[in-house]
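The values are calculated or read from the model by the stated rules, or taken from the named source; none is laboratory data. On a predicted model such as this, the values are computed, not experimentally measured, just so you know. Quick reminder, even Gly has a Cβ in these numbers, built from the backbone with ideal geometry, and neighbours come from all protein chains shown.
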Amino acid sequence: MEHEDMSYLKRYVQNHPDNQMAWYLLGKQYMLEDKEAKANYCFLQAGSIYEAYERKRHPLAKEPKQLIAEWNRKRQMKRLFGRAALIALLVLGIMTLNPFSGDNVEQADLLPMAASESSDNRMEVVFVKPTTDLALGRALGAIIEQGAKPPAYGLAVMLEQQGNWRKWTGATRVLFSANRQGSGEAFDVGLHDALTCDCQPADATEAYQKFNQWSEAQEQRWTLRSGIMQYHEMFKRWPAKLEDMVRPYPNNVLAGETSYMRTIFGGLLKEVKAAAQAEGSTGGGKAGSKSGKAGTGADALPEHPLSILVDTANYRLAVVSGDVIVRSYPVGLGGEKTPDGSFYISEKVKNPNGRDDGEFGSRGMTLSGTRYAIHGTNEPDSIGKDESLGCVRMLQEDVEELYDLVPLGTKVTIKNGALPESGSPAAKRFQLQPMQDETNPAVIYRWL
(Lines give C-alpha, C1' and ligand atoms only; values in the text may rest on other atoms or scores of the structure.)
Protein backbone atom coordinates (compact mmCIF):
# COMPACT_ATOMS: atom_id res chain seq x y z
CA MET A 1 0.00 0.00 0.00
CA GLU A 2 2.89 2.35 0.78
CA HIS A 3 4.25 1.79 -2.73
CA GLU A 4 0.88 2.77 -4.22
CA ASP A 5 0.81 5.89 -2.04
CA MET A 6 4.29 6.82 -3.22
CA SER A 7 3.38 6.38 -6.89
CA TYR A 8 0.22 8.42 -6.45
CA LEU A 9 2.07 11.26 -4.69
CA LYS A 10 4.78 11.36 -7.38
CA ARG A 11 2.17 11.70 -10.11
CA TYR A 12 0.24 14.24 -8.10
CA VAL A 13 3.14 16.63 -7.48
CA GLN A 14 4.14 16.37 -11.13
CA ASN A 15 0.69 17.60 -12.11
CA HIS A 16 0.32 19.99 -9.13
CA PRO A 17 3.83 21.31 -8.41
CA ASP A 18 2.45 24.20 -6.30
CA ASN A 19 0.70 21.94 -3.78
CA GLN A 20 2.96 22.21 -0.73
CA MET A 21 1.01 19.65 1.29
CA ALA A 22 1.58 17.01 -1.41
CA TRP A 23 5.30 17.76 -1.37
CA TYR A 24 5.35 17.40 2.42
CA LEU A 25 3.57 14.04 2.33
CA LEU A 26 5.88 12.76 -0.41
CA GLY A 27 8.86 13.82 1.71
CA LYS A 28 7.52 11.84 4.66
CA GLN A 29 7.21 8.77 2.43
CA TYR A 30 10.83 9.15 1.34
CA MET A 31 11.89 9.40 4.99
CA LEU A 32 10.21 6.04 5.62
CA GLU A 33 12.38 4.60 2.85
CA ASP A 34 15.55 6.23 4.30
CA LYS A 35 15.95 8.37 1.16
CA GLU A 36 17.01 11.49 2.97
CA ALA A 37 18.24 13.52 -0.03
CA LYS A 38 14.98 13.11 -1.91
CA ALA A 39 13.00 13.76 1.27
CA ASN A 40 14.93 17.00 1.80
CA TYR A 41 14.11 18.12 -1.71
CA CYS A 42 10.40 17.53 -1.08
CA PHE A 43 10.49 19.29 2.30
CA LEU A 44 12.11 22.33 0.68
CA GLN A 45 9.31 22.42 -1.87
CA ALA A 46 6.76 22.14 0.96
CA GLY A 47 7.96 25.45 2.39
CA SER A 48 5.63 26.80 5.09
CA ILE A 49 3.74 23.51 5.35
CA TYR A 50 6.93 21.81 6.52
CA GLU A 51 7.52 24.55 9.08
CA ALA A 52 3.93 24.35 10.34
CA TYR A 53 3.94 20.59 10.86
CA GLU A 54 7.53 20.16 12.00
CA ARG A 55 7.54 23.37 14.08
CA LYS A 56 10.93 24.38 12.69
CA ARG A 57 12.56 25.65 9.54
CA HIS A 58 14.29 23.10 7.36
CA PRO A 59 18.06 23.19 7.99
CA LEU A 60 18.78 23.31 4.24
CA ALA A 61 16.30 26.10 3.52
CA LYS A 62 18.92 28.59 2.28
CA GLU A 63 18.64 29.57 -1.35
CA PRO A 64 21.22 27.86 -3.61
CA LYS A 65 22.54 31.24 -4.80
CA GLN A 66 23.27 32.15 -1.20
CA LEU A 67 25.11 28.88 -0.65
CA ILE A 68 27.21 29.40 -3.74
CA ALA A 69 27.96 33.03 -2.85
CA GLU A 70 29.07 32.05 0.66
CA TRP A 71 31.27 29.32 -0.75
CA ASN A 72 32.80 31.70 -3.29
CA ARG A 73 33.67 34.31 -0.66
CA LYS A 74 35.49 31.70 1.43
CA ARG A 75 37.62 30.64 -1.52
CA GLN A 76 38.28 33.93 -3.33
CA MET A 77 41.82 34.27 -1.94
CA LYS A 78 42.72 30.70 -2.94
CA ARG A 79 42.07 28.53 -5.94
CA LEU A 80 38.45 29.29 -6.90
CA PHE A 81 37.20 25.76 -7.10
CA GLY A 82 38.95 23.61 -4.49
CA ARG A 83 37.74 20.63 -2.55
CA ALA A 84 35.57 22.72 -0.21
CA ALA A 85 33.72 24.09 -3.21
CA LEU A 86 33.28 20.63 -4.61
CA ILE A 87 31.73 19.37 -1.41
CA ALA A 88 29.38 22.35 -1.21
CA LEU A 89 28.16 21.87 -4.76
CA LEU A 90 27.80 18.12 -4.42
CA VAL A 91 25.65 18.64 -1.33
CA LEU A 92 23.66 21.24 -3.22
CA GLY A 93 23.24 18.94 -6.20
CA ILE A 94 22.04 16.05 -4.06
CA MET A 95 19.75 18.35 -2.08
CA THR A 96 18.05 19.65 -5.20
CA LEU A 97 17.80 16.45 -7.19
CA ASN A 98 14.38 15.86 -8.67
CA PRO A 99 12.85 13.15 -6.47
CA PHE A 100 11.47 11.11 -9.33
CA SER A 101 13.19 8.74 -11.71
CA GLY A 102 16.11 9.84 -13.88
CA ASP A 103 13.75 10.35 -16.80
CA ASN A 104 12.34 13.44 -15.13
CA VAL A 105 15.63 15.34 -15.13
CA GLU A 106 16.61 14.98 -18.74
CA GLN A 107 20.03 15.46 -20.29
CA ALA A 108 21.18 15.65 -23.86
CA ASP A 109 22.26 12.31 -25.28
CA LEU A 110 25.81 11.27 -24.56
CA LEU A 111 27.98 12.07 -27.54
CA PRO A 112 31.69 11.14 -27.54
CA MET A 113 34.12 13.96 -28.25
CA ALA A 114 35.90 11.64 -30.66
CA ALA A 115 34.97 8.37 -32.24
CA SER A 116 37.71 6.54 -30.35
CA GLU A 117 36.53 7.57 -26.89
CA SER A 118 35.27 4.83 -24.60
CA SER A 119 32.16 5.04 -22.47
CA ASP A 120 34.45 5.73 -19.50
CA ASN A 121 35.59 8.95 -21.17
CA ARG A 122 32.23 10.31 -22.29
CA MET A 123 30.94 13.83 -21.90
CA GLU A 124 27.44 14.82 -20.88
CA VAL A 125 25.68 18.11 -21.53
CA VAL A 126 22.63 19.27 -19.58
CA PHE A 127 20.52 22.08 -21.06
CA VAL A 128 18.88 24.38 -18.53
CA LYS A 129 15.96 26.72 -19.24
CA PRO A 130 15.35 29.06 -17.70
CA THR A 131 17.79 29.50 -14.83
CA THR A 132 16.24 29.44 -11.39
CA ASP A 133 17.62 29.34 -7.87
CA LEU A 134 17.49 25.54 -8.01
CA ALA A 135 18.77 25.14 -11.56
CA LEU A 136 22.46 24.75 -10.73
CA GLY A 137 21.87 22.05 -8.15
CA ARG A 138 19.46 20.14 -10.37
CA ALA A 139 21.80 20.31 -13.35
CA LEU A 140 24.77 19.13 -11.29
CA GLY A 141 22.68 16.30 -9.88
CA ALA A 142 21.66 15.27 -13.39
CA ILE A 143 25.34 14.94 -14.32
CA ILE A 144 26.77 13.22 -11.24
CA GLU A 145 23.86 10.87 -10.55
CA GLN A 146 24.66 8.53 -13.43
CA GLY A 147 24.55 5.26 -11.59
CA ALA A 148 27.73 3.23 -11.27
CA LYS A 149 29.75 5.26 -13.77
CA PRO A 150 29.25 9.02 -14.03
CA PRO A 151 30.63 10.82 -17.10
CA ALA A 152 34.22 12.02 -17.28
CA TYR A 153 33.14 15.58 -18.04
CA GLY A 154 29.85 17.42 -17.77
CA LEU A 155 28.51 20.82 -18.78
CA ALA A 156 25.39 22.77 -17.88
CA VAL A 157 24.42 25.03 -20.77
CA MET A 158 21.68 27.57 -21.45
CA LEU A 159 20.84 28.47 -25.04
CA GLU A 160 19.74 31.99 -25.92
CA GLN A 161 15.96 32.24 -25.59
CA GLN A 162 13.88 34.45 -27.91
CA GLY A 163 10.16 34.12 -27.38
CA ASN A 164 9.29 30.44 -27.53
CA TRP A 165 12.47 29.58 -29.41
CA ARG A 166 15.91 28.49 -28.26
CA LYS A 167 18.68 29.57 -30.62
CA TRP A 168 21.36 26.96 -31.26
CA THR A 169 23.74 29.52 -32.79
CA GLY A 170 22.83 32.36 -30.42
CA ALA A 171 24.53 33.66 -27.29
CA THR A 172 24.99 30.32 -25.51
CA ARG A 173 25.99 30.46 -21.83
CA VAL A 174 28.02 27.67 -20.20
CA LEU A 175 26.86 27.78 -16.57
CA PHE A 176 29.31 25.30 -15.07
CA SER A 177 31.63 22.42 -15.88
CA ALA A 178 32.19 19.26 -13.84
CA ASN A 179 35.39 17.31 -14.38
CA ARG A 180 35.57 13.82 -12.81
CA GLN A 181 38.81 13.35 -10.88
CA GLY A 182 40.69 10.16 -11.68
CA SER A 183 38.77 6.91 -11.71
CA GLY A 184 36.57 7.84 -8.75
CA GLU A 185 33.31 9.76 -8.57
CA ALA A 186 34.65 13.06 -7.18
CA PHE A 187 34.22 16.09 -9.46
CA ASP A 188 36.12 19.34 -9.80
CA VAL A 189 33.34 21.88 -10.45
CA GLY A 190 33.82 25.31 -12.00
CA LEU A 191 31.16 28.02 -12.22
CA HIS A 192 31.47 30.02 -15.44
CA ASP A 193 28.44 32.32 -15.56
CA ALA A 194 28.46 35.39 -13.31
CA LEU A 195 24.75 36.09 -13.83
CA THR A 196 23.83 32.66 -12.49
CA CYS A 197 26.30 32.16 -9.65
CA ASP A 198 26.62 35.77 -8.42
CA CYS A 199 30.38 35.16 -8.20
CA GLN A 200 33.71 35.75 -9.90
CA PRO A 201 33.47 33.05 -12.58
CA ALA A 202 36.25 30.62 -13.38
CA ASP A 203 37.95 30.68 -16.77
CA ALA A 204 35.55 29.14 -19.29
CA THR A 205 37.87 28.71 -22.27
CA GLU A 206 38.13 24.94 -22.01
CA ALA A 207 34.42 24.55 -21.27
CA TYR A 208 33.40 26.49 -24.39
CA GLN A 209 35.91 24.58 -26.52
CA LYS A 210 34.47 21.27 -25.35
CA PHE A 211 30.93 22.46 -25.91
CA ASN A 212 31.75 23.64 -29.44
CA GLN A 213 33.21 20.23 -30.26
CA TRP A 214 30.20 18.52 -28.72
CA SER A 215 27.75 20.75 -30.61
CA GLU A 216 29.38 19.86 -33.94
CA ALA A 217 28.79 16.21 -33.11
CA GLN A 218 25.19 16.97 -32.10
CA GLU A 219 24.49 18.58 -35.48
CA GLN A 220 25.70 15.43 -37.23
CA ARG A 221 23.51 13.39 -34.93
CA TRP A 222 20.46 15.53 -35.75
CA THR A 223 21.04 15.07 -39.49
CA LEU A 224 21.70 11.33 -39.26
CA ARG A 225 18.72 10.73 -36.98
CA SER A 226 16.48 12.72 -39.31
CA GLY A 227 17.83 10.79 -42.29
CA ILE A 228 17.05 7.44 -40.65
CA MET A 229 13.51 8.56 -39.88
CA GLN A 230 12.89 10.00 -43.36
CA TYR A 231 14.28 6.84 -44.99
CA HIS A 232 11.83 4.74 -42.99
CA GLU A 233 8.99 7.10 -43.91
CA MET A 234 9.77 6.89 -47.64
CA PHE A 235 10.71 3.23 -48.05
CA LYS A 236 8.75 1.65 -45.15
CA ARG A 237 11.86 -0.13 -43.95
CA TRP A 238 14.91 0.75 -41.90
CA PRO A 239 18.30 1.38 -43.50
CA ALA A 240 20.65 -1.53 -42.92
CA LYS A 241 23.76 0.60 -43.30
CA LEU A 242 24.71 4.22 -43.78
CA GLU A 243 25.29 3.66 -47.50
CA ASP A 244 21.56 2.97 -47.93
CA MET A 245 20.92 6.66 -47.33
CA VAL A 246 24.00 8.06 -49.09
CA ARG A 247 23.13 7.14 -52.68
CA PRO A 248 23.12 8.87 -56.09
CA TYR A 249 20.21 11.03 -57.25
CA PRO A 250 17.22 10.55 -56.92
CA ASN A 251 17.60 8.40 -53.78
CA ASN A 252 20.07 10.74 -52.08
CA VAL A 253 18.41 10.81 -48.66
CA LEU A 254 21.63 12.23 -47.23
CA ALA A 255 24.02 14.44 -49.19
CA GLY A 256 27.06 12.69 -47.78
CA GLU A 257 28.58 11.45 -44.55
CA THR A 258 31.22 12.02 -41.89
CA SER A 259 33.44 9.61 -40.00
CA TYR A 260 31.49 10.39 -36.82
CA MET A 261 28.15 9.59 -38.48
CA ARG A 262 29.58 6.27 -39.64
CA THR A 263 30.71 5.50 -36.08
CA ILE A 264 27.37 6.21 -34.42
CA PHE A 265 25.05 4.83 -37.12
CA GLY A 266 24.48 1.40 -35.55
CA GLY A 267 23.73 2.69 -32.06
CA LEU A 268 21.52 5.52 -33.31
CA LEU A 269 19.55 3.16 -35.55
CA LYS A 270 18.80 0.93 -32.55
CA GLU A 271 17.75 3.95 -30.54
CA VAL A 272 15.36 5.22 -33.23
CA LYS A 273 13.89 1.74 -33.72
CA ALA A 274 13.30 1.36 -29.99
CA ALA A 275 11.65 4.78 -29.80
CA ALA A 276 9.42 3.92 -32.77
CA GLN A 277 8.38 0.65 -31.16
CA ALA A 278 7.65 2.31 -27.83
CA GLU A 279 5.65 5.14 -29.36
CA GLY A 280 3.84 2.78 -31.69
CA SER A 281 2.65 0.71 -28.74
CA THR A 282 1.30 3.82 -27.00
CA GLY A 283 -0.10 5.55 -30.07
CA GLY A 284 2.59 8.24 -29.93
CA GLY A 285 3.85 10.51 -32.66
CA LYS A 286 6.89 10.30 -34.88
CA ALA A 287 9.65 7.93 -33.95
CA GLY A 288 12.14 9.32 -31.58
CA SER A 289 10.54 12.75 -31.27
CA LYS A 290 11.00 13.79 -27.67
CA SER A 291 12.27 16.67 -25.64
CA GLY A 292 12.94 17.64 -22.06
CA LYS A 293 10.05 17.81 -19.62
CA ALA A 294 9.09 21.24 -18.39
CA GLY A 295 9.51 22.11 -14.77
CA THR A 296 12.54 19.99 -13.98
CA GLY A 297 15.11 22.75 -14.39
CA ALA A 298 17.01 20.68 -16.96
CA ASP A 299 15.74 20.18 -20.49
CA ALA A 300 17.08 17.76 -23.07
CA LEU A 301 17.48 18.86 -26.66
CA PRO A 302 14.45 17.83 -28.69
CA GLU A 303 14.88 14.84 -30.95
CA HIS A 304 12.18 15.70 -33.43
CA PRO A 305 13.38 15.23 -37.01
CA LEU A 306 14.76 18.40 -38.53
CA SER A 307 12.18 20.47 -40.38
CA ILE A 308 12.18 23.72 -42.34
CA LEU A 309 10.09 26.76 -41.45
CA VAL A 310 9.82 29.69 -43.90
CA ASP A 311 8.53 32.98 -42.47
CA THR A 312 7.16 35.12 -45.31
CA ALA A 313 6.83 38.18 -43.07
CA ASN A 314 10.48 38.22 -42.01
CA TYR A 315 12.02 36.73 -45.18
CA ARG A 316 13.72 34.01 -43.14
CA LEU A 317 14.13 30.26 -43.46
CA ALA A 318 14.99 28.25 -40.37
CA VAL A 319 15.94 24.64 -39.72
CA VAL A 320 14.28 23.65 -36.46
CA SER A 321 13.95 20.69 -34.12
CA GLY A 322 11.19 21.17 -31.58
CA ASP A 323 11.76 24.59 -29.99
CA VAL A 324 15.40 24.86 -31.13
CA ILE A 325 16.37 26.95 -34.16
CA VAL A 326 19.37 25.06 -35.51
CA ARG A 327 20.03 27.47 -38.41
CA SER A 328 18.37 30.66 -39.68
CA TYR A 329 18.95 32.24 -43.10
CA PRO A 330 17.69 35.31 -45.00
CA VAL A 331 15.74 34.41 -48.15
CA GLY A 332 14.12 35.97 -51.17
CA LEU A 333 10.46 35.22 -51.89
CA GLY A 334 7.69 35.94 -54.39
CA GLY A 335 5.15 37.80 -52.30
CA GLU A 336 1.65 36.37 -52.81
CA LYS A 337 3.08 33.97 -55.39
CA THR A 338 4.92 32.06 -52.65
CA PRO A 339 2.45 29.43 -51.39
CA ASP A 340 1.52 29.04 -47.74
CA GLY A 341 1.13 25.53 -46.36
CA SER A 342 2.94 22.31 -45.58
CA PHE A 343 5.17 20.46 -48.03
CA TYR A 344 8.15 18.14 -47.98
CA ILE A 345 11.39 18.03 -49.93
CA SER A 346 10.63 15.57 -52.71
CA GLU A 347 13.85 16.06 -54.68
CA LYS A 348 17.39 17.25 -53.98
CA VAL A 349 19.68 18.08 -56.88
CA LYS A 350 23.10 19.66 -57.32
CA ASN A 351 23.74 22.21 -60.07
CA PRO A 352 20.15 22.22 -61.37
CA ASN A 353 21.18 24.39 -64.35
CA GLY A 354 24.13 22.14 -65.18
CA ARG A 355 26.57 24.48 -63.40
CA ASP A 356 26.92 26.08 -59.96
CA ASP A 357 26.39 29.69 -61.08
CA GLY A 358 23.17 29.34 -63.06
CA GLU A 359 19.77 30.87 -62.39
CA PHE A 360 19.08 28.42 -59.55
CA GLY A 361 22.59 28.38 -58.13
CA SER A 362 24.43 25.25 -57.02
CA ARG A 363 21.64 23.49 -55.10
CA GLY A 364 17.89 22.96 -55.48
CA MET A 365 15.26 21.23 -53.34
CA THR A 366 11.80 20.72 -54.88
CA LEU A 367 8.70 21.24 -52.73
CA SER A 368 6.35 18.27 -53.04
CA GLY A 369 3.50 18.52 -55.57
CA THR A 370 4.57 21.94 -56.86
CA ARG A 371 6.84 23.70 -59.33
CA TYR A 372 8.35 25.62 -56.44
CA ALA A 373 11.72 24.94 -54.86
CA ILE A 374 14.22 26.16 -52.34
CA HIS A 375 17.27 27.00 -54.43
CA GLY A 376 20.26 29.25 -54.88
CA THR A 377 20.29 32.32 -57.08
CA ASN A 378 22.57 34.34 -59.34
CA GLU A 379 20.81 37.48 -58.13
CA PRO A 380 21.98 37.84 -54.51
CA ASP A 381 20.48 41.34 -54.29
CA SER A 382 17.00 39.74 -54.43
CA ILE A 383 17.45 38.22 -50.95
CA GLY A 384 15.05 39.92 -48.54
CA LYS A 385 12.75 40.98 -51.39
CA ASP A 386 9.76 39.64 -53.32
CA GLU A 387 11.35 39.18 -56.74
CA SER A 388 10.89 35.46 -57.45
CA LEU A 389 7.88 33.84 -59.10
CA GLY A 390 7.17 32.01 -55.84
CA CYS A 391 10.31 30.03 -55.10
CA VAL A 392 12.47 30.50 -52.01
CA ARG A 393 15.85 31.96 -52.98
CA MET A 394 18.98 31.62 -50.86
CA LEU A 395 22.58 32.77 -50.95
CA GLN A 396 24.98 30.13 -52.27
CA GLU A 397 26.80 29.34 -49.01
CA ASP A 398 23.46 29.17 -47.18
CA VAL A 399 21.71 26.85 -49.63
CA GLU A 400 24.76 24.55 -49.76
CA GLU A 401 24.76 24.24 -45.97
CA LEU A 402 20.99 23.67 -45.88
CA TYR A 403 21.31 21.00 -48.57
CA ASP A 404 23.78 19.03 -46.44
CA LEU A 405 21.92 19.59 -43.17
CA VAL A 406 18.41 18.36 -44.08
CA PRO A 407 17.63 14.99 -45.67
CA LEU A 408 15.28 14.14 -48.50
CA GLY A 409 11.71 14.05 -47.19
CA THR A 410 12.19 16.92 -44.74
CA LYS A 411 8.95 18.71 -43.85
CA VAL A 412 8.67 22.34 -45.05
CA THR A 413 6.13 24.79 -43.61
CA ILE A 414 5.60 28.21 -45.19
CA LYS A 415 3.63 30.72 -43.14
CA ASN A 416 3.44 34.36 -42.16
CA GLY A 417 5.03 35.38 -38.87
CA ALA A 418 6.68 32.47 -37.10
CA LEU A 419 10.37 33.24 -36.63
CA PRO A 420 12.53 35.91 -34.98
CA GLU A 421 13.37 38.77 -37.33
CA SER A 422 17.08 38.01 -37.29
CA GLY A 423 19.34 35.00 -36.87
CA SER A 424 22.82 34.41 -35.56
CA PRO A 425 25.29 32.87 -38.02
CA ALA A 426 27.02 29.65 -37.04
CA ALA A 427 30.71 29.85 -36.18
CA LYS A 428 31.35 26.93 -38.54
CA ARG A 429 29.38 25.74 -41.57
CA PHE A 430 27.82 22.28 -41.45
CA GLN A 431 29.25 20.18 -44.25
CA LEU A 432 29.09 16.53 -45.29
CA GLN A 433 31.61 14.66 -47.39
CA PRO A 434 29.85 13.96 -50.72
CA MET A 435 29.99 10.31 -51.73
CA GLN A 436 27.77 10.11 -54.84
CA ASP A 437 26.59 11.93 -57.97
CA GLU A 438 23.61 14.11 -57.10
CA THR A 439 23.22 15.89 -60.43
CA ASN A 440 20.34 15.26 -62.84
CA PRO A 441 21.53 16.27 -66.32
CA ALA A 442 18.49 14.65 -67.96
CA VAL A 443 16.16 17.42 -66.76
CA ILE A 444 16.09 21.14 -67.49
CA TYR A 445 14.60 22.64 -64.33
CA ARG A 446 11.96 25.35 -64.73
CA TRP A 447 11.07 26.17 -61.17
CA LEU A 448 9.07 29.34 -60.66
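Contact map, segment 192-218: first residue free of Cβ contacts under 8 Å to residues at least 40 places away in the same chain, second residue in a helix (DSSP H, G or I), Cβ cut-off under 8 Å, separation 6 or more or different chains; pairs are His192/Ala207; Pro201/Ala194.
What number of residues in segment 210-255 are part of a loop (DSSP other than H, G, I, E, B) and either of a type in the set (Ser, Thr, Tyr) or closer than 15 Å to Val406 by Cβ (or both)?
Result for segment 210-255: 7.
Going through (1) modelled with pLDDT of 95 or more; (2) touching a strand residue (DSSP E or B) at 6+ places or on another chain (Cβ under 6 Å); (3) closer than 20 Å to Pro407 by Cα; (4) not hydrophobic (A, V, I, L, M, F, W, C) one by one, His304 falls short only on (1). Anything in segment 372-400 that is among the polar types (S, T, N, Q) and more than 32 Å from the chain's Cα centre (by Cα)? List them, or say none. Matches in segment 372-400: Asn378, Ser382, Ser388. Only one entry in Arg225, Arg262, Arg221 is touching a Leu at 6+ places or on another chain (Cβ under 9 Å), outside the structural domain of Tyr403 (by TED's automatic domain parsing), under 23 Å from Pro302 (Cα atoms) and without any contact (Cβ under 8 Å) to a residue 24 or more places away in the chain, namely Arg262.
A Cβ distance below 6 Å, combined with a sequence gap of six or more or placement on separate chains, defines the contacts here; from segment 311-327, residues that are within 11 Å of Trp222 (Cβ to Cβ) reach residues that are assigned to a strand (DSSP E or B) and of a type in the set (S, T, N, Q) in the pairs Val320/Ser307.
Only residues that are over 16 Å from the mean Cα position of the chain (by Cα) and within 19 Å of Val319 (Cα to Cα) were counted across segment 183-241, and they come to 5.
Scanning segment 353-371 for residues that are under 33 Å from the mean Cα position of the chain (by Cα) and not basic (Lys, Arg) turns up Phe360, Gly361, Ser362, Gly364, Met365, Thr366, Leu367, Ser368, Gly369, Thr370.
When Asp34 is tested against (1) in a helix (DSSP H, G or I); (2) over 19 Å from Arg138 (Cβ atoms), only condition (1) is not met. Of the residues making up segment 329-343, those that are crowded, with 20+ Cβ neighbours inside 10 Å and under 29 Å from the mean Cα position of the chain (by Cα) are Tyr329, Val331, Gly332, Phe343. Any residue in segment 331-344 that's closer than 18 Å to Gly364 by Cα: show its pairings with residues that are among the small types (Gly, Ala, Ser) and in a strand (DSSP E or B) at Cβ separation under 7 Å, as long as the two are six or more apart or on different chains. Listed by first residue and then by second, the contacts come to nothing, as the list is empty.
Please go through segment 21-47 and give me each residue that is among the hydrophobic types (A, V, I, L, M, F, W, C) and closer than 16 Å to Arg57 by Cβ, ordered by number. Selection gives Trp23, Ala39, Cys42, Phe43, Leu44, Ala46. Go over the candidates Arg363, Arg327, Arg355 one by one and state the one that is at pLDDT below 95 and either more than 30 Å from Ala156 (Cβ to Cβ) or outside the structural domain of Arg11 (by TED's automatic domain parsing) (or both). Checking each option against the conditions leaves just Arg355. Reported count of residues in segment 361-383, each being in contact with a strand residue (DSSP E or B) (Cβ under 6 Å, 6 or more places away or on another chain), in a loop (DSSP other than H, G, I, E, B) and surrounded by fewer than 22 Cβ atoms within 10 Å (Cβ to Cβ), is 2.
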